[in-house]
1. What about residue B:30, is it open to solvent by 40 Å² or more (accessible area, probe 1.4 Å) and within 14 Å of another protein chain (Cβ to nearest Cβ)?
2. With respect to the numbered conditions (1) under 23 Å from residue A:199 (Cβ atoms); (2) within 14 Å of chain B (Cβ to nearest Cβ); (3) part of a helix (DSSP H, G or I), which one is the sole condition not fulfilled by residue A:239?
3. Mind counting the residues in region A:75-115 that are within 15 Å of residue A:157 (Cα to Cα) and either touching a Pro at 6+ places or on another chain (Cβ under 7 Å) or surrounded by fewer than 21 Cβ atoms within 10 Å (Cβ to Cβ) (or both)?
4. Scan region A:1-28 for residues that are closer than 24 Å to residue A:142 by Cα, surrounded by 14 or more Cβ atoms within 10 Å (Cβ to Cβ) and free of Cβ contacts under 8 Å to residues at least 40 places away in the same chain and jot them down.
5. On the given criteria, is residue A:292 within 13 Å of chain B (Cβ to nearest Cβ), at pLDDT 90 or above, under 29 Å from residue A:160 (Cβ atoms) and open to solvent by 50 Å² or more (accessible area, probe 1.4 Å)?
Amino acid sequence: MTPYGSFTFFIILAVLLTPTAVMGLMGKRFHTYNMVITVVALGLIFASSLKQAAALSLFTVWQLVIIQSYISYRKKSNSNGVFYGAVILSILPLVLSKLLPYFSEVNFIGFLGISYLTFKGTQLVMETRDGLIKKNPPLSRLLYFILFFPTISSGPIDRYRRFEKDMDLEIQGEQYKLLLYEGINKIFRGFLYKYIIGYSINHYFIANLRFIAHSHLENHLYYMYAYSLYLFFDFAGYSAFAVGVSYIMGIKSPENFNKPFLSRNIKDFWNRWHMSLSFWFRDYVYMRFVFWMTKKKWTKNRNLLSNLGYILLFLLMGVWHGLEMQYIIYGIYHAVLMVAYNSFEQLNKKHKWWPQNKWTNVISIVITFHFICFGFYIFSGQLFHKGA
Amino acid sequence: MEFKNEVISLLAEICQDDIVKENPDIDLFDAGLLDSFGTVELLVQAEERFGITVPITEFDRETWNTPNQIAIQLADLK
């Protein structure tokens, strides 16, 4: 069963979450019950494919062994080699699941959500390296964090220390009431975004484009803007479901979107679009890379360093989406935009070509919007398919 | 107090703007004065000048948002 994919799923969700809400309103601790329903929900989601269920189980055990052994190791020593080894091992299943389809007919490693779950494992290794996770967490809690069902298929990507804080928080009945309202509110916004707006754009506009557009160019142009809007409403809708259900379970999963089409520049866009992913790359790839390069003093050129960081980040992000041409080019496209914007920003600091006021802000938003949509057009793969 | 002033002048260098000194309660990220790159510079300098190591993931933009806040956080880790 696809999470949030059918009416049945929501009915089951409502039944499973009723005791959660009742306990929450009474101010009782409900995390043990929520762990039980996570198992039930995972069972429903993966019941249709035993192969995927097996892959998920294997993956989870793999991550647990790496995390727990690395935490135990880190208490005693801290060698670079072991750290790199642990990181490589933690992303290995994801890499294999992306590469395998090119060599074999059956993909026995991949499963729904592997791309997202990998981030959680790798993150734990990195925070342990930084000395932020010092004790081996209880197994049940680690499992719950990795397999937390509301966000299992496509995020948002939570952070362990944030998640743990929510688990330890004593929620009073009155406070829970607000969480519950907010959660329900988000779920209904999800319905509006995904099943009303997103669905309509796709069903009434994109599916009928060949009757609406008068020329080849028009067709592609309409597709570009419509697909961008569809992608936002579909994904923001899904994220609203995931965050909403998390809230009802007393976990404040991070938000994924903050009005991305109102971004004033491309840097701003990446602080507003798929935030839990871009912040992950910012914190665990870009900043680490720049930090490491600065300490090694390989270059004094700040712009070069920052640009190299952006190129690395966006190439990785592109490849993470998939090894198909469109994702790689999507990554390159955003790397180029970031480097170009970064250079412009530096020059503008000196020369003040582009002042900040109401009018320039509006113009910036409009320009950025078109660049973003072209990016999604690349992402959609339409450029690479003949006869669209 | 002296430490706080040192942190604020370090921030003024990194942000290349003296507004940091004039208004030490300004939100550096909202104002576009500090970004990820500037943050890394701050962390590197904190280590080199003050001998304070701040793990990158410890730095979250909600609590490390103003010059005053950053000074308080760094003083805590001293």
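1. Numbers: open to solvent by 40 Å² or more (accessible area, probe 1.4 Å): yes; within 14 Å of another protein chain (Cβ to nearest Cβ): yes.
Considered against the rule, which asks whether it is open to solvent by 40 Å² or more (accessible area, probe 1.4 Å) and within 14 Å of another protein chain (Cβ to nearest Cβ), residue B:30 comes out as yes.
2. (2)
3. Going through region A:75-115, the residues within 15 Å of residue A:157 (Cα to Cα) turn out to be A:112-115.
Of the ones still in play, those that are also either touching a Pro at 6+ places or on another chain (Cβ under 7 Å) or surrounded by fewer than 21 Cβ atoms within 10 Å (Cβ to Cβ) (or both) are A:112, A:114-115.
The total comes to 3.
4. Selection gives A:16, A:19, A:23.
5. Yes.
Quick grid of which residues meet (1) buried (at least 18 other Cβ atoms within 10 Å of the Cβ); (2) closer than 29 Å to residue A:380 by Cβ; (3) touching a Ser or Thr at 6+ places or on another chain (Cβ under 8 Å):
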{"residue": "A:232", "(1), (2), (3)": "yes, yes, no"}
{"residue": "A:240", "(1), (2), (3)": "yes, yes, no"}
{"residue": "A:256", "(1), (2), (3)": "yes, yes, yes"}
{"residue": "A:275", "(1), (2), (3)": "yes, yes, no"}
{"residue": "A:280", "(1), (2), (3)": "yes, yes, no"}
{"residue": "A:303", "(1), (2), (3)": "no, no, yes"}
{"residue": "A:308", "(1), (2), (3)": "yes, yes, no"}
{"residue": "A:320", "(1), (2), (3)": "yes, yes, yes"}
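The values are calculated or read from the model by the stated rules, or taken from the named source; none is laboratory data. Note that the coordinates shown come from a computational prediction; the quantities given were computed from them, not determined experimentally. In this analysis, Cβ positions are derived from the backbone assuming ideal geometry, glycine residues included, and neighbour counts consider all displayed protein chains. The accessibility values were calculated without ligands, DNA or RNA, using every heavy atom of the protein model including side chains. Shrake-Rupley method; radii C 1.70, N 1.55, O 1.52, S 1.80 Å.
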